[in-house]
Each structure stands twice: as C-alpha cells, then as structure tokens.
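The values are calculated or read from the model by the stated rules, or taken from the named source; none is laboratory data. Bear in mind the structure is a predicted one, so any value in this text is a computation, not a measurement. Counting neighbours? That spans all protein chains shown, and the Cβs are built from the backbone with ideal geometry, glycine included. Calculation scope for accessible area: heavy atoms of the full protein, side chains included, ligands and nucleic acids excluded. Shrake-Rupley method; radii C 1.70, N 1.55, O 1.52, S 1.80 Å.
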Amino acid sequence: MSNAIDALLQENRSFPPSEEFRRNANASSDAVYNIPDREAFWASWAEQLDWKTKWSKVLEWEPPYAKWFVGGTLNASANCLDRHLATRGDKQAIIWEGEPGDVRTFTYRELHAEVSKFSSVLKSLGVQLGDRVAIYMPLVPEAIVAMLACARIGAAHSVVFGGFSSEALRDRIQDAEAKVLITSTAGYRRGNLVPLKKLADAAVADCPSIAHVIVVMRRAASDEMDDTLTMEPNRDCWYHELMRTASADCEPAWVDSEQVLYTLYTSGTTGKPKGIVHTTGGYLTECYATCKWVFDLKENDVYWCTADIGWVTGHSYVVYGPLAAGATVFVYEGAPDWPKQDRFWSLIEKHKITILYTAPTAIRAFMKWGHELPQGHDLSSLRLLGSVGEPINPEAWMWYHKWIGAERCPIVDTWWQTETGSILITPLPGVVATKPGSATRAFPGVDAKILDERGNEVKVGGGYLAITSPWPSMLRGIWHDPERYVSQYWSKWPGIYFTGDGAKRDADGYFWLLGRVDDVMNVAGHRIGTMEVESALVDHTSVAEAAVVGINHDIKGTAIAAFVIVKSSRLQEAKKDPAKFEKELKDHVTEKIGAIARPEKILVTADLPKTRSGKIMRRLLRDIAEGRALGDVTTLADPTVVASLKDKYEEES
Ligand code: WTA
C-alpha cells in the first residue's frame, strides 16, 4: 500500500536548550517523559488545582466519550482568581494595552473583584447554571472578565470573534440558544472603529433566545459613534451602570468536573462551523499543566500570547491556563502593524515581555516587513518564544530564532487544535533539542502516533496524525450534533481520535506536521503535503510566504501551483525578469526536495486568502487555479484578496 503521505524535506539543524535554561526550567530532565501510569500523571496535575470535592475516579472512557475526574467539583474562575489572593493578591494579573495606546492593569485582587461583581450582574439578569452566554467583544479586559464571570456561575460562554459579521454571530447565538449577549460599543482595528453594538443589534433581531444585551463602553470610543447607538429598552444595559451597584460578593458555583465551561465554534478552513464543547476539570488541568511545562511560567514572567479571545488559543493560553498558573498576562487589543509595523517590538520593549507566543502567519508578515524593525528595539527581556496555528516553515523558524530570540530563546512550536483544548505536541523548552519546523514530541501523558490508512503505526515516515488515548482537555462533543462528532473524529479507526492533519516522524521520533490531509496533493502517485513544498519556497531568500495547491494536469494527474509573497526588499528584483524569477523558484524546490515537487506554475501575489485566525485557505486557491467559481468565502478575513487573485491568475494563464 502506498504511504498516506510521503516525507520529502530534510532538515538537519538542531538546537539544544542552553545549560542555563535547562537548569532553571520547570521541566528540566528527560525523565518527565517517563509516565508509567497516565491517569496518575494527570491526577497529579489536577491535584495542583483547588477542588471543592475530590474526584472518585480519574477517567471514565466509553469511546468516543470521556469523563475526567469523575465526581469532582471545582470552579474555573476560583482557580484562576480566588486561590491566588493569599499569595498573589497584589501581583498584576492583566496588563492591557489598547490599540490607541491606552493602558489598564488589574491585580489579581482587582480582577477578582471585577469578576465577582460581573457574576452578580449576570445572576441578577437571570443567568443560571448551564445557561449559555454569547460574548462578542474586542480584546478588552471586560471580555476576559465576562468569560470568567460566566465560569464563576456555571454558565457556558460562547465567544464569537469580534471580527465576525452579524450573520456569523446570529448563527452561533441561535445554535447555542444563548440567553445573554455581551458586546461593546466598538473595537479598534488598524485605527478604525468596528461598530460591534450595531452588528450585534442586527444579529439579535433574529435571536429570540436573547433576553439581555450588556454593552461595554469602549473608553476611547468616539462620541460621534456613541451618539448614533441605540439602546433597546428592557433589553440593553450598560456594563458600567450594572457594575455600579453590583455586589462584589459572589460565591463561585461548585460545578461538576464535567460541567460545560464553554462552546467555541470552529470552521477550520472548510465546512459549516461546529460548536466544540469543553468541560471544566480536565480542560483546566491540562491548560495549567502545559502552561507550567511548555511556557515554563515563573513568578516574574510577563507573558504575552497574541491570540484573540475569539480563538481557542485565547481561551486556553490568554485566560484559563496562565491565570490558573498565577501569571502576569499581557494583552494587546489591536493589529501588529498599527500605527507602524514595529508595534509588537515596541510593546515588548515597553512592557518587558519575557514570553511571546504568536502564529506563523504573523512571523511571515514580520519577515516580509524586514528584520530592521525588531532590530530597532530592545528585545532583551524575552526568554522564550512560541508558535501555533500552522506549520512553521524552517526559514520562518530561523528568522524568529535569529531576529526575535537573538539565538538565545528556545522556540516552542506547539501543535494542537480547538478540539484538543490544549497543546499536545511540543518541545519542553528545557529538555528537548528543537529542530526548525518540527513540533518535536508529544507532551508527557499524551499518546500521539502516526497511523496509516488501516490504523497501523508508522514509526518513521509519513501518515495521519492520531491521538490513541483520551486526554483531559479533549473535546466532549459538538454542540447539538453527536453524529458529526463521531463521523468527523472517531470513524476512521474505532476508538482513536483522527486529527485531520498529515504528519511524519523522523528517526529521532520527532513529529513534523505536514498540513491538513484534505490539502494533500497526489502528484504522479506521490502524496505530497503542502508544508514541505511551501517550506522549500520560503527557504528561497526572496520569499516571505507561500501556499501550494494541486491542480489538474494532463500527464501527471495533479501538478503543483504555487502562490508566493515576495519580501518587500526583493520585490523590485523579482519583477525585473518574472520568467527568470519563476524558474529560480522552481529550481530551488527541485534542489531542496526533488523534481517530484517542482511547481508547474508560480504566481507572485501581494496577499493570500486567510481565515480570520490567519490560516491559509488552500481550498479557495484550488478554486482559483482550476478556474471554478469560488466556494464558501464567509470565513475569509478579506474577501477582496481572492477576487483580485482570481483576476491576476486568469490574466497570467
Ligand atoms: C494547525 C489552533 C502545524 C493544524 C490551536 C491543526 C498546526 C489546526 C500547529 C488547528 C503547529 C495548529 N504546527 N500545524 N504547531 N498548530 N496547527 O483549531 O492543522 O484553530 O489541525 O487550533 O491548525 O487549528 P485551530
């Protein structure tokens, strides 16, 4: 049988942790991978949280349904706030900076008071245990307060990214039957105000389940915009007015370990959004454990995860994990290129950030903008870097290592999904020697394998990434859609979780993610993942970003079409002789990974179609390359990108 996916690219560079980093790391020896009893391992992490009543059984597994810490009761907000008051009451929990530069900070005591008051508000509006609350907010502190307040009273939040349309919000509210919506007058994005309340009004008009809309006044919002806002009597209330009289005394609801903490809709790069369900005890345990060991959180760290709370990364690694670990979390509302393309670096310098966790899409944009920008800032506070969301191409990794990490900071390339709840494959920065482009090893206690079509393990080579034992933060289902839960994740091999990702393992047992299985290109009988060809292109000194897709070809069946973004500093040169440049890129791929992967066609573009969380939508590139009408474009960040790309492609064909 042919391989599920072929492994082509060779990458031999390796970066062991420095002795100093290892010595001080929370996980500092390979012995942490020696887990004789997986359930006991996870229970030891759960014991580090506060429980009202202890569990009677660690795991109940009736595939595909898992229950963790059965019979235990706890509260997620109490674990993120109350339990720190005695030792960290005056420590900064959140340092927030708005896009216009306004700064607000909350100590753990202040955040606890704010969350308690808002919990009282929600209760007074009739929100009860098990109810759903929708949150449609810019990345302001009140968004985090709202999430934790829901958790405090046992209501499930459903955060909808503030960049989504009112239709997207409407669909998600309807699916979850949310009782209350929390929104804001507006949010900032690249200097513009996004009128969230107006968009929310349009959505709520078709949402009979919503009894109340709570509106946060974005402090710096312009008067002009607020004048045109309407507040619907009996339905809409101002956050600040409700808070004025709310009681700061709100005992957390001690919920079952399996109480739903939240639902979060994910469409990935294809298909109708699914409401992924996460529960409390197991989820919090694994978010906490990974924060301690992967981000190596220490008392003095200033930790910045750049994700929006609209994504799972914002849930697990802006809110629940780091706050459960008592960290100081830095939060920035706006865009990386506002007012200039060095905003991230100036924030790191200003707030003395020590840990930065961001996405390859951002790193490739920084590469395109040039290393002179970070070079102009003092980034010496940084000690650890992270990446998540897509495979990171080795050259992007090297750029991050050199220009941001000063060849000093370990990089944790963390693989996980909305569905997995927390990081499953990652280096531990004080233990594992990293290799550019590899997510390295499964987190201790996680059973990740590469399987072939029939479910046999591939020890070295390519195949499907699967998780073969349950883990605490795994999804518990898809909201209102048990059939899809089974068919999407559990039907390829019985009792085994199918990730939908292709991956390979090298002779050292390291994992290399190769892209979504749906995007694999079958060229003359070879199954080639998108990651390796894109990485070969990004390896060329002129290329900042690349996306490849399979297109129909008379002889090969499928050929490769590549869309590439050229670094700003190299654009003139590339434009001078396009045919020569195209040949140079094709030759480069041939040289790096072989003639089999040589692209048939190369199109230089200024932009690529991406989801709002920054993932390349190759499905739309295939539509363009094959001259089809464009498929569903509703999850696109910027619909104009595909239209102009389509014109350009057709012009050059
Ligand atoms: C991809 C984000 C390679 C992968 C936390 C996965 C990655 C999907 C990595 C989940 C990584 C995420 N290396 N690929 N380090 N991290 N992915 O649900 O395809 O937004 O299945 O969760 O992103 O995306 P999601």
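Could you identify the single residue in LEU603, LEU608, LEU585, LEU620 that is assigned to a strand (DSSP E or B) and open to solvent by less than 40 Å² (accessible area, probe 1.4 Å)?
On inspection, the qualifying residue turns out to be LEU603.
Output the residues belonging to region 415-427 that are aliphatic (A, V, I, L, M) and near the ligand (Cβ under 9 Å from one of its atoms).
Listed by number, the residues that qualify are ILE423, ILE425.
Exactly one condition in (1) away from the ligand (no atom under 15 Å from the Cβ); (2) outside any strand (DSSP E or B) is not met by LYS449; state its number.
All conditions are met except number (2).
Give the number of residues within region 14-57 that are outside any helix (DSSP H, G or I), surrounded by 15 or more Cβ atoms within 10 Å (Cβ to Cβ) and hydroxyl-bearing (Ser, Thr, Tyr).
1
Checking LYS272 against (1) within 30 Å of ASP632 (Cα to Cα); (2) open to solvent by less than 30 Å² (accessible area, probe 1.4 Å); (3) within 16 Å of the ligand (Cβ to nearest atom), which test does it fail?
(2)
Checking the condition in contact with a Phe, Trp or Tyr (Cβ under 9 Å, 6 or more places away or on another chain), within 22 Å of THR328 (Cα to Cα), open to solvent by less than 10 Å² (accessible area, probe 1.4 Å) and β-branched (Val, Ile, Thr), which residue from VAL145, VAL115, VAL160 passes?
Within the list VAL145, VAL115, VAL160, the selection yields VAL145.
Look at ASP206 and say whether it is more than 26 Å from ALA176 (Cα to Cα), surrounded by fewer than 21 Cβ atoms within 10 Å (Cβ to Cβ) and either at pLDDT 95 or above or out of contact with any helix residue (DSSP H, G or I) (no Cβ under 6 Å at 6 or more places or on another chain) (or both).
Considered against the rule, which asks whether it is more than 26 Å from ALA176 (Cα to Cα), surrounded by fewer than 21 Cβ atoms within 10 Å (Cβ to Cβ) and either at pLDDT 95 or above or out of contact with any helix residue (DSSP H, G or I) (no Cβ under 6 Å at 6 or more places or on another chain) (or both), ASP206 comes out as no.
Identify, please: which residue in region 628-647 is of a type in the set (A, V, I, L, M, F, W, C) and over 24 Å from the mean Cα position of the chain (by Cα) and is, among those, nearest to LEU603 (Cα to Cα)?
In this case the residue turns out to be LEU645.
Within region 328-414, which helices (runs of 4 or more DSSP H) (wholly inside it) include 1 or more residues that are within 16 Å of the ligand (Cβ to nearest atom) and open to solvent by 10 Å² or more (accessible area, probe 1.4 Å)?
So the answer is 360-369, 394-399.
Please report, ordered by residue number, the strands (runs of 3 or more DSSP E) entirely within region 454-561 with at least 1 residues that are at pLDDT 95 or above and crowded, with 22+ Cβ neighbours inside 10 Å.
Passing ranges, in order: 461-467, 497-505, 511-516, 543-553.
Return yes when TRP369 is in contact with a strand residue (DSSP E or B) (Cβ under 9 Å, 6 or more places away or on another chain), among the hydrophobic types (A, V, I, L, M, F, W, C) and closer than 17 Å to PRO429 by Cα and no when it is not.
no
Would you point out the residue of region 275-307, among those that are out of contact with any helix residue (DSSP H, G or I) (no Cβ under 7 Å at 6 or more places or on another chain) and assigned to a loop (DSSP other than H, G, I, E, B), that is most open to solvent (accessible area, probe 1.4 Å)?
My answer is ASN300.
Of the residues that make up region 258-269, is at least one buried (at least 24 other Cβ atoms within 10 Å of the Cβ) and within 13 Å of the ligand (Cβ to nearest atom)?
Yes, the conditions are met somewhere in region 258-269.
When you look at ASP501, is it within 16 Å of the ligand (Cβ to nearest atom), farther than 30 Å from TRP61 by Cα and not basic (Lys, Arg), yes or no?
no
Just one of (1) of a type outside the set (Lys, Arg); (2) open to solvent by less than 70 Å² (accessible area, probe 1.4 Å); (3) touching a residue at least 60 places away in the same chain (Cβ under 8 Å) trips up GLU60, so point out which.
Of everything listed in (1) of a type outside the set (Lys, Arg); (2) open to solvent by less than 70 Å² (accessible area, probe 1.4 Å); (3) touching a residue at least 60 places away in the same chain (Cβ under 8 Å), GLU60 misses just condition (3).
Does GLY310 meet the test of being touching a His at 6+ places or on another chain (Cβ under 6 Å) and part of a loop (DSSP other than H, G, I, E, B)?
Judged against the criteria, GLY310 is not a match.
Looking for something in a helix (DSSP H, G or I), on the phi < 0 side of the Ramachandran plot and either of a type in the set (S, T, N, Q) or at pLDDT below 95 (or both) - is there at least one such residue anywhere in region 316-326?
Checking region 316-326: at least one residue is in a helix (DSSP H, G or I), on the phi < 0 side of the Ramachandran plot and either of a type in the set (S, T, N, Q) or at pLDDT below 95 (or both).
Which residues, counting only those in region 245-267, are assigned to a strand (DSSP E or B) and either touching a Pro at 6+ places or on another chain (Cβ under 9 Å) or at positive phi (or both)?
The answer is TYR265, THR266.
Taking ALA86, is it open to solvent by less than 30 Å² (accessible area, probe 1.4 Å) and out of contact with any Leu (no Cβ under 9 Å at 6 or more places or on another chain)?
Criteria not met by ALA86.
Kindly indicate whether ASP413 is touching a Pro at 6+ places or on another chain (Cβ under 9 Å) and either of a type in the set (S, T, N, Q) or free of Cβ contacts under 8 Å to residues at least 40 places away in the same chain (or both).
Spelling it out, ASP413 is indeed touching a Pro at 6+ places or on another chain (Cβ under 9 Å) and either of a type in the set (S, T, N, Q) or free of Cβ contacts under 8 Å to residues at least 40 places away in the same chain (or both).
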